[in-house]
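The values are calculated or read from the model by the stated rules, or taken from the named source; none is laboratory data. Predicted model, so just to flag it, every value in this text is computed and none were measured. Cβ: placed from backbone, ideal geometry, glycine included. Neighbour counts: every protein chain shown.
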Amino acid sequence: MKIVILGGVAAGAKAAAKAKRLLPDAQIDLYTDDTHVSYSACGLPYYIEGNFEDYRLLLVRSPGEFEQDGIHIHLKNRAVKILSSTKQVLIEALGENRAFLVDYDKLIIAVGARPVIPQIRNVDLNNVFTVRKIEDGIAIRKKAEESSNAVIIGGGYIGIEMLEALVRQNVRTTLIEYAPTIMQNFDDDMSELILVELNKISGERFEILTSEIATEFSGDNSGVKLVRTGSGKEIPVDFAVICAGVKPNIEIARDAGIMLGETGAIKVNKRMETNIPDIYACGDCVEENLIVTNTKIWLPLGTNANKEGRIAAISACGGNETFDGVLGSAVTRCLNLSMSMTGLTEKKARTLGIEPVSVTVTKNDKVGYMPDVNNITLKLIADKNTGKLLGCQGVGAGDADKRVNTVTSALLAGLTAEEFFKNDLTYAPPFSPTIDPLLNAAQILSEKFSAYTES
């Protein structure tokens, strides 16, 4: 058995390791156009921030460690075409001016996603960075340590994490977001709360510009020096970081006749099989099933990629385990403000034809006399017609994320707000008030739902 894997960050590396454990005698070859394999791309902002000095801590396994297990890693080798009729892949050896064909019995596509580059004039100037690979993190950190001013394009998860990273490196930072508020994955009221809370602590360290676009980078041979915006602002900078989102790398799959899903990412079943026999796909290039509604979603996260890589390997090796989907769970932080969510937002529910009902509560995350007490705001959402929980969002300096994590189990179980209110959550003064804010939200939501049904 010869298993060929295309891509080697999270999903591809996981698939290689799992396949080798399942079929020790199989020949496993992993091809990636990257210079590293099996690393934590999610950790790049925290390396840039200075939480640790050695970028190699981001590397999970080296090519040599894979080789010791009999897995052959081919760095700087780009897959350019899949020939499914002959079960071959055309590989280009980067920098060597040569290409060659590789045979496979089973093929796993894990080619990930790439940064979206907005249409900004002179976007190819030096010192304009994206955040995707190890080299990006090394270059940004080096530049940050010698700089005073920077601009971030985009106010999503990566943009927010990079804002923290640059501020911690004492770089005066301007974040530019085209939408009216940041963190658009959240409901508008929660996004606005995030913006308000960050502005409270900004001081002179950073500025967030919303409903604004960057139109031009201006500079010289040494790099970008000025960012111009649509409203006429001119912002002096030493460097810029583009965090305008990512898009799935689907071209090689599409050109091979592999079906794409409604989200534009590769379509797979629960066994990570594509529509072409013996070809599987996983990670940031595939779409997932959103368990709450049984609809499709594209959610490029490292947790999903690892789970999918495991299932792709099991399937390629003849197993029958399945990956049922995701809940849309995510979390990040910016300067001690945590932002977390799971399931549906109100606005997403409405686009799916679901009428939501919600409550928002702001409470202490622990007993008020504890020295580290902080406020958290929780938004709990249910289906107005059934009472079933749909999702939760949490924002605050306190432990909002652990409350959101609790809701994930309720979503999997299909609990109503009333059923969830009966949950027996832990209590002690350093961890929670006597009635946890999450249960308080569930109680109010349950009463709200009861009022609807009685009327």
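Within the range 155-180, track down each residue that is touching a helix residue (DSSP H, G or I) at 6+ places or on another chain (Cβ under 9 Å) and not aliphatic (A, V, I, L, M).
Matches in the range 155-180: Gly155, Glu161, Glu164, Arg168, Gln169, Asn170, Arg172, Thr173, Glu177, Pro180.
If you take the residues in the range 126-148 that are of a type in the set (A, V, I, L, M, F, W, C) and in a strand (DSSP E or B), which one is surrounded by the most Cβ atoms within 10 Å (Cβ to Cβ)?
Phe129
Of these, Glu251, Glu234, which one is farther than 23 Å from Tyr46 by Cβ, assigned by TED's automatic domain parsing to the domain that holds Gly7 and either aliphatic (A, V, I, L, M) or exposed (fewer than 15 other Cβ atoms within 10 Å of the Cβ) (or both)?
On the way: Glu234 fails: assigned by TED's automatic domain parsing to the domain that holds Gly7.
Exactly one of Glu251, Glu234 is farther than 23 Å from Tyr46 by Cβ, assigned by TED's automatic domain parsing to the domain that holds Gly7 and either aliphatic (A, V, I, L, M) or exposed (fewer than 15 other Cβ atoms within 10 Å of the Cβ) (or both), namely Glu251.
Any residue that is in a strand (DSSP E or B), at pLDDT 95 or above and not hydrophobic (A, V, I, L, M, F, W, C) - is there at least one of those in the range 149-170? Outline the logic, then answer.
From the range 149-170, those in a strand (DSSP E or B) are 149-153; that's our starting set.
Of the ones still in play, those that are also at pLDDT 95 or above are 149-153.
Next cut, not hydrophobic (A, V, I, L, M, F, W, C) only: 149.
Looking through the range 149-170, at least one residue is in a strand (DSSP E or B), at pLDDT 95 or above and not hydrophobic (A, V, I, L, M, F, W, C).
Show the residue pairs meeting these rules: Cβ distance below 6 Å; 6+ apart or different chains; first residue within the range 89-108 and under 16 Å from Ala281 (Cβ atoms) and at pLDDT 95 or above; second residue among the charged types (D, E, K, R) and surrounded by 14 or more Cβ atoms within 10 Å (Cβ to Cβ).
What qualifies is Tyr104/Lys2; Tyr104/Lys87; Lys106/Asp278.
Taking only pairs six or more apart or across chains, which ones have beta-carbon atoms under 6 Å, a first residue in the range 210-230 that is assigned by TED's automatic domain parsing to the domain that holds Ser148, and a second residue that is of a type in the set (Gly, Ala, Ser) and part of a strand (DSSP E or B)?
Final answer for the pair search is Val224/Ala240; Lys225/Gly219; Leu226/Ser218; Val227/Ala214; Thr229/Ala214.
Checking the condition at pLDDT 95 or above and closer than 30 Å to Ala316 by Cα, which residue from Arg114, Arg121 passes?
Working: Arg121 fails: closer than 30 Å to Ala316 by Cα.
Only one candidate qualifies: Arg114.
Listed here are the residues, each with its yes/no results for (1) closer than 30 Å to Glu49 by Cβ; (2) at pLDDT 95 or above; (3) crowded, with 24+ Cβ neighbours inside 10 Å; (4) polar (S, T, N, Q).
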site	(1), (2), (3), (4)
Phe323	no, yes, no, no
Glu346	no, yes, no, no
Leu352	no, no, no, no
Asn374	yes, no, no, yes
Asn385	no, no, no, yes
Gln393	yes, yes, yes, yes
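Which of (1) of a type outside the set (A, V, I, L, M); (2) modelled with pLDDT under 95; (3) part of a strand (DSSP E or B) is the odd one out, the single condition Tyr369 does not satisfy?
(3)
Filter the range 383-407 for residues that are out of contact with any Pro (no Cβ under 7 Å at 6 or more places or on another chain) and in a helix (DSSP H, G or I) and give the result.
Listed by number, the residues that qualify are Ala400, Asp401, Lys402, Val404, Asn405, Thr406, Val407.
When you look at Asn364, is it touching a Gly at 6+ places or on another chain (Cβ under 8 Å), in contact (Cβ under 8 Å) with a residue 60 or more places away in the chain and either more than 20 Å from Leu195 (Cβ to Cβ) or assigned by TED's automatic domain parsing to the domain that holds Ala15 (or both), yes or no? It would help to see each step written out before you state the result.
On the way: touching a Gly at 6+ places or on another chain (Cβ under 8 Å): yes; in contact (Cβ under 8 Å) with a residue 60 or more places away in the chain: yes; either more than 20 Å from Leu195 (Cβ to Cβ) or assigned by TED's automatic domain parsing to the domain that holds Ala15 (or both): yes.
Considered against the rule, which asks whether it is touching a Gly at 6+ places or on another chain (Cβ under 8 Å), in contact (Cβ under 8 Å) with a residue 60 or more places away in the chain and either more than 20 Å from Leu195 (Cβ to Cβ) or assigned by TED's automatic domain parsing to the domain that holds Ala15 (or both), Asn364 comes out as yes.
Considering only helices (runs of 4 or more DSSP H) fully contained in the range 1-108, which possess at least 1 residues that are in the same structural domain as Asn275 (by TED's automatic domain parsing)? Can you show your working first?
Numbers: elements: 11-22, 44-49, 63-68.
Qualifying helices (runs of 4 or more DSSP H): 11-22, 63-68.
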